[in-house]
Amino acid sequence: SYRQLAGDARRMYRLLGLHPGLEFDQYAAAALAGATVVAARRMLEELVDTHLLQESVIDRFSFHDLVRVHATSAAAREETVSDQQAGLCRLLDHYRHTASVAMDIAYLYERERRPRVPPAATFAPCLPDPGQAVAWLDAELPNLLVVAGHAAGHGWPEHSLQLSATIDRHLRTRGRYRDAESLYQLALAAARDTGHPTGEVSVRLGLGHVHRLQGRYQQAMVSFEQALMLTRDTRDRIDEQQALTGLGLILQQQGRNDE
């Protein structure tokens, strides 16, 4: 089936094998291939018609597990390392940028607290209102989490840091505390490895809020205190205020009003 494909569809198939998530839409496929959305849709339909992809939900595509193994192997054989890296970088840029846009629409009131990320070079879906932005975030959360983890472990620590700081509010709103904590641990390691104190402050603030919401007050206090100490080096007054607010919330919840 693979050998019968047209050349561009064969390349799309190989690059899709590099996607670290289990399913994807046409915009992610276009980013991986560096193609237009129209061209990506045409190639996806060809792959579905030849039973190399499944479209179990409209506009959401996935591999059978064994077909994925073949696609990944084909990419390793037939794509250069630089082409594989370029495709993955476009994919990470796509998810980072679209997540930032969606969060700014869905949670406008916190826009200034989130990192400003560069635009992606590929096409993003239209998200005209908060309802559609939230729907995109809900549909793509599994991918955003796995992509952030992949970025942290494969040479893109900045993407991991920015994604964790971008989507943390949505994870907390959805009660995904364990996912948020796992994401923060990855981002914390990335911040330390790259000597990124501002990123570490953001991660520790996020961990503090997650632990606070779980009722793990002692761990939350430690995270907020560590963030507060780091702000003395970064001199970021907004982060300092956030750390103090976190500490104040915990003390208030414990009835320690004088403190």
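The values are calculated or read from the model by the stated rules, or taken from the named source; none is laboratory data. Because the structure is predicted, anything quoted here is derived from the model rather than measured. Cβ coordinates were reconstructed from backbone atoms using ideal geometry, including for glycine residues, and neighbour counts include every protein chain displayed. Each accessible area value is taken on the protein alone, full model and side chains, heavy atoms only, with ligands, DNA and RNA left out. Shrake-Rupley method; radii C 1.70, N 1.55, O 1.52, S 1.80 Å.
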- Task: Go ahead and run the numbers for FRET between Thr234 and Val57, Cβ-Cβ distance against an R0 of 41 Å, rounding to 0.05.
- Result: 0.40
- Task: At a 1.4 Å probe radius, which order do Tyr2, Tyr109, Tyr27, Tyr95 fall into by accessible area, largest first?
- Result: Tyr109, Tyr27, Tyr2, Tyr95
- How much of the accessible area of the chain, probe 1.4 Å, is carbon plus sulfur, in whole percent? 52 percent
- Dipole magnitude of the chain, debye to nearest 20 (Cβ charges: Lys/Arg +1, Asp/Glu -1, about Cα centre): 200 debye
- Shape parameters for segment 22-117, alpha-carbon atoms, Rg then Dmax in Å: 15.7, 47
- Relative to the first principal axis of the alpha-carbon coordinates of the chain, what is the inclination of helix 157-173, with its axis defined by its Cα atoms, in degrees from 0 to 90 and to the nearest 10? 70 degrees
- Item | Option label - volume of the Cα convex hull per residue in Å³ computed here, alternatives (i) 130; (ii) 145; (iii) 168 | (i)
- What percentages, rounded to whole numbers, describe P(r) for segment 88-161 computed over all alpha carbon pairs with 5 Å bin width beginning at zero? 3, 17, 26, 27, 19, 7, 1
- Item | Summed side-chain charge close to Asp193 - residues other than Asp193 whose Cβ falls under 12 Å, Lys, Arg +1, Asp, Glu -1 | -1
- Taking Cα pairs closer than 8 Å and at least 6 residues apart, the relative contact order of segment 146-259 in percent is 19 percent
- Note on the structure: The local net charge around Leu145, scoring Lys/Arg +1 and Asp/Glu -1 for residues other than Leu145 whose Cβ lies under 10 Å from its Cβ, equals -1
- Message: Given an 8 Å cut-off on Cα distances and at least 6 residues of separation, report the relative contact order of segment 60-190 as a percent.
- Response: 23 percent
- Message: Please report the net charge: other residues with Cβ closer than 14 Å to the Cβ of Cys89, K and R +1, D and E -1.
- Response: -2
- Cα pair distances of segment 58-193 binned at 5 Å [whole percent]: 2, 10, 18, 21, 21, 15, 9, 4, 1, 0
- Task: State in Å² the accessible area per residue of the chain; use a 1.4 Å probe, count heavy atoms of protein chains only, and round to the nearest integer.
- Result: 48 Å²
- Any chance you could list P(r) for segment 109-259, counting all Cα-Cα pairs in 5 angstrom bins from zero, rounded to whole %? 2, 9, 17, 22, 20, 15, 9, 4, 2, 0, 0
- Query: What relative contact order, as a whole-number percentage, does the chain give when Cα pairs under 8 Å and 6 or more residues apart are counted?
  - Reply: 14 percent
- Extension gain (nm, one decimal) between Glu225 and Thr194, 0.36 nm per residue minus Cα-Cα: 9.0 nm
- Query: Measuring from label point to label point, each 7 Å out along Cα→Cβ, what is the Leu249 to Gln85 span in nm?
  - Reply: 4.0 nm
- Taking Cα atoms, the helix 197-213 axis meets the longest principal axis of the chain at an angle in degrees (rounded to 10) of 80 degrees
